[in-house]
1. For the stretch 38-49, check the following and say yes or no: at least one residue is touching a residue at least 12 places away in the same chain (Cβ under 8 Å), in a helix (DSSP H, G or I) and closer than 20 Å to Cys115 by Cα.
2. For the stretch 11-31, indicate whether the set of residues that are open to solvent by 30 Å² or more (accessible area, probe 1.4 Å), within 21 Å of Gly135 (Cα to Cα) and either at pLDDT below 95 or touching a His at 6+ places or on another chain (Cβ under 6 Å) (or both) is non-empty.
3. Which members of the stretch 53-81 meet the condition of being under 15 Å from Pro39 (Cα atoms), out of contact with any strand residue (DSSP E or B) (no Cβ under 6 Å at 6 or more places or on another chain) and open to solvent by less than 70 Å² (accessible area, probe 1.4 Å)?
4. Please tell me if Asp109 is of a type in the set (Asp, Glu), open to solvent by less than 40 Å² (accessible area, probe 1.4 Å) and either over 14 Å from the mean Cα position of the chain (by Cα) or farther than 16 Å from Asp67 by Cβ (or both).
5. On the given criteria, is Ser148 among the hydroxyl-bearing types (Ser, Thr, Tyr), modelled with pLDDT under 95, surrounded by 15 or more Cβ atoms within 10 Å (Cβ to Cβ) and over 11 Å from the mean Cα position of the chain (by Cα)?
6. Condition first: acidic (Asp, Glu) and within 25 Å of Ala34 (Cα to Cα). Can you find one or more residues in the stretch 114-129 that meet it?
7. Just give me the residues in the stretch 70-108 being over 30 Å from Gly135 (Cα atoms) and of a type in the set (Asp, Glu), in sequence order.
8. Quick one: His181 ticks every box in (1) free of Cβ contacts under 8 Å to residues at least 60 places away in the same chain; (2) under 14 Å from Asp109 (Cα atoms); (3) crowded, with 21+ Cβ neighbours inside 10 Å bar one, so which box is it?
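The values are calculated or read from the model by the stated rules, or taken from the named source; none is laboratory data. Given the structure is predicted, the values throughout are model-derived calculations rather than measurements. A quick note on method: Cβ atoms are made from the backbone with ideal geometry, for glycine too, and the neighbour counts reach across all protein chains shown. SASA here: full protein model, heavy atoms, side chains in, ligands and nucleic acids out. Shrake-Rupley method; radii C 1.70, N 1.55, O 1.52, S 1.80 Å.
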Amino acid sequence: MTVPMKSADFDRAYRAPITFWGDIRIPEELKALARQGSPRTALELGCGVGRFSRYLAQQGLRVTGVDFSPVAIAKAREGAARETLRPEFIVGDVTRLEALSGPFDFSFDVGCFHCFDAQGQRAYVAEVSRLLKPGGIHLVWALDSGPSGLSFSPASVKEAFAPGFELQQALKSRRRLIRSHWYWLVRASG
């Protein structure tokens, strides 16, 4: 099995009836974040077919989901078409989101950040910092050993997001039975 890395690779994967990374269950970490305080807006980076964005929209949040696979976004829009509360789904590169303006109350990523090399990570962090309100939380789930070839740990994620974010919490996970972590990052004020 070849790990997809380019938009066209993901398009091919999303044309299949199911992807090997597809999620049906909504992560408890995301549910808890949506319940904190009174978030009103959320941004999902690497939304795929939009299950998580759709869940949050049903909870009353205004959600924007971004993915660079037009096939995934078409499936996300199709899946939400009959729902009363729908996210906005956008085809876009999460490292260059000039078409979006914030601020969002929180943002999240379940399996996107770990696909980037160091340069891509810097661009991703700059966009999240630009779009997330000061004090807002960015939730990331990342493999400990990503398809980018890089290893991820609390120390490396803290460094990648510094100085604009503080790593509030990192929890080991066996999501999808793979060594991984959940990271809660808080955007610095000012």
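1. For the stretch 38-49, residues touching a residue at least 12 places away in the same chain (Cβ under 8 Å), in a helix (DSSP H, G or I) and closer than 20 Å to Cys115 by Cα: absent.
2. Within the stretch 11-31, one or more residues are open to solvent by 30 Å² or more (accessible area, probe 1.4 Å), within 21 Å of Gly135 (Cα to Cα) and either at pLDDT below 95 or touching a His at 6+ places or on another chain (Cβ under 6 Å) (or both).
3. Tyr55, Gly60
4. It is false that Asp109 is of a type in the set (Asp, Glu), open to solvent by less than 40 Å² (accessible area, probe 1.4 Å) and either over 14 Å from the mean Cα position of the chain (by Cα) or farther than 16 Å from Asp67 by Cβ (or both).
5. yes
6. yes
7. Scanning the stretch 70-108 gives Glu78, Glu83.
8. (3)
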